[in-house]
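Worksheet: the structure to be examined is printed underneath.
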Amino acid sequence: MRILGIESSCDETAASVVENGRVILSNVIASQADEHRQYGGVVPELASRRHCENILWVVKQALSDAGLTIDGIDGIAVTYAPGLIGALLVGVSFAKGLAMMTGKPLIPVHHTEGHAAANYLAHHALEPPYLGIIVSGGHTRIAEVLDYTTFRTVGKTRDDAAGECFDKCARAMGFPYPGGVHVDEAAQRGDASAFRLPKTKMDGNPYDFSFSGLKTYVVNYLHNAGQRGEPVNTDDLAAALQQEIARTVTDKTIAAAKALGYHTVALSGGVSANSGVRNALSAACEQNGFAFYMPPAALCGDNAAMIAAQGYYNYLAGITADESLNAVASKELRGEAAQTPA
Ligand code: KG4
Ligand code: ZN
């Protein structure tokens, strides 16, 4: 079964054809990052306009790269939530029109669930149940993936996502948008022990995250040093920041896996490209005897192959949409609201 995936939740217009949820036949991504860079972050209005300009050729390219016409597609999967509403609406409207015109099933996909599915494309042995840790620019959460379409959130960020923390700290360090990758590069040159960053303490669910305190500390530190005219070794600061984020993600994921009895852990989301997070979590999983999966770099960030992969499993589970499908800016995972631990 071949699913066409469409993704437009942020600043990537993407389309992909995936066979049986596991094999990528094409994967086209039109990134707008160069344009948003001059504003220091994504400008939502601009993102919507670019999606509108790009969506048709991106979908056409995905079909032609796969050696197919629309007749060879069995379903149209689209990211409908969460994300920038104007950006999501472009993909959703396009997918609805295409589904109506062709009579193919329309399959709604939650962006975060899509990130988790990126691992199915690279690791054919990975099957639920497992513990997912999804770390991106908008989300940070640990979730039990009970089956391909049933998720139970174990913990999530109470404020900023890890990617937001990376990006805002990167901006204060003088790196261009999106800054996470530049922090990663600088961290390779730095000495993490040169800085003592504050450790976040939280009451309640021990698997929840909070990154706003760390972000504020680093931004204020750089601001104050700048006002005093004091130089800052950004390589060392980047290394300390990366180490702290990697440690937090790793400690909480391992603790959750132990508490819930999981022996398989899968990392995904844009921040899963971070070398510190990848190394720390894979080493900790190995130490504990857990199987560990993470996507290759090309499937960490936003793409439509992961949407098509999750779309395949949604379709098998009977999750399709009719013409009333709408974009939703903020949406919990399937089953999350009822099942999140108190
Ligand atoms: O999943 P994604 O592409 O978009 C969202 O769904 O949010 O994640 C983007 C985030 C950005 O914050 C970006 O800076 C971060 O992933 N990111 C990284 C790295 N590569 C991307 N953060 C740290 N280190 C990296 N190597
Ligand atoms: Zn994403």
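The values are calculated or read from the model by the stated rules, or taken from the named source; none is laboratory data. Just so it is clear, the structure is predicted and the values come from calculations on it, not from any experiment. Every residue, glycine among them, receives a Cβ derived from its backbone with ideal geometry; neighbour counts consider all protein chains shown.
Quick check: is even one residue across region 278-297 farther than 22 Å from Tyr120 by Cα, surrounded by fewer than 17 Cβ atoms within 10 Å (Cβ to Cβ) and either more than 16 Å from ligand 2 (Cβ to nearest atom) or assigned by TED's automatic domain parsing to the domain that holds His110 (or both)?
yes
Being within 16 Å of ligand 2 (Cβ to nearest atom), buried (at least 22 other Cβ atoms within 10 Å of the Cβ), modelled with pLDDT of 95 or more and assigned to a strand (DSSP E or B): is that true of Ala143 here?
When the stated conditions are applied, Ala143 passes them.
Given the criteria assigned by TED's automatic domain parsing to the domain that holds Ala273 and free of Cβ contacts under 8 Å to residues at least 40 places away in the same chain, does Tyr148 qualify?
Judged against the criteria, Tyr148 is not a match.
In region 15-52, how many are at positive phi and crowded, with 17+ Cβ neighbours inside 10 Å?
1
Here are some residues: Val18, Val58, Val42. Which one is more than 17 Å from the chain's Cα centre (by Cα) and not in a helix (DSSP H, G or I)? Write out each step before concluding.
On the way: Val58 fails: not in a helix (DSSP H, G or I); Val42 fails: more than 17 Å from the chain's Cα centre (by Cα).
The unique qualifying residue is Val18.
Could we say that Tyr262 is in a loop (DSSP other than H, G, I, E, B) and within 30 Å of Ile24 (Cα to Cα) here? Quick ask: steps written out before the conclusion?
Numbers: in a loop (DSSP other than H, G, I, E, B): yes; within 30 Å of Ile24 (Cα to Cα): yes.
Considered against the rule, which asks whether it is in a loop (DSSP other than H, G, I, E, B) and within 30 Å of Ile24 (Cα to Cα), Tyr262 comes out as yes.
Is it the case that Ala317 is surrounded by fewer than 19 Cβ atoms within 10 Å (Cβ to Cβ) and either of a type in the set (Asp, Glu) or in contact (Cβ under 8 Å) with a residue 40 or more places away in the chain (or both)?
Spelling it out, Ala317 is indeed surrounded by fewer than 19 Cβ atoms within 10 Å (Cβ to Cβ) and either of a type in the set (Asp, Glu) or in contact (Cβ under 8 Å) with a residue 40 or more places away in the chain (or both).
Does any residue of region 181-201 turn out to be within 16 Å of ligand 2 (Cβ to nearest atom), at pLDDT 95 or above and closer than 25 Å to Asp251 by Cβ?
Looking for residues that are within 16 Å of ligand 2 (Cβ to nearest atom), at pLDDT 95 or above and closer than 25 Å to Asp251 by Cβ, one finds at least one in region 181-201, hence yes.
Identify, by number, the condition in (1) within 12 Å of ligand 1 (Cβ to nearest atom); (2) in contact with a strand residue (DSSP E or B) (Cβ under 8 Å, 6 or more places away or on another chain) that Ser275 doesn't meet.
(2)
Going through region 63-95 one residue at a time, which ones are crowded, with 20+ Cβ neighbours inside 10 Å, of a type outside the set (A, V, I, L, M, F, W, C) and either more than 13 Å from ligand 2 (Cβ to nearest atom) or not in a loop (DSSP other than H, G, I, E, B) (or both)?
Selection gives Gly75, Thr79, Tyr80, Gly91.
Quick check on my filter: what residues within region 143-182 are over 14 Å from Glu113 (Cβ atoms), away from ligand 1 (no atom under 15 Å from the Cβ) and in contact with a strand residue (DSSP E or B) (Cβ under 6 Å, 6 or more places away or on another chain)?
Within region 143-182, Val154, Gly155 qualify.
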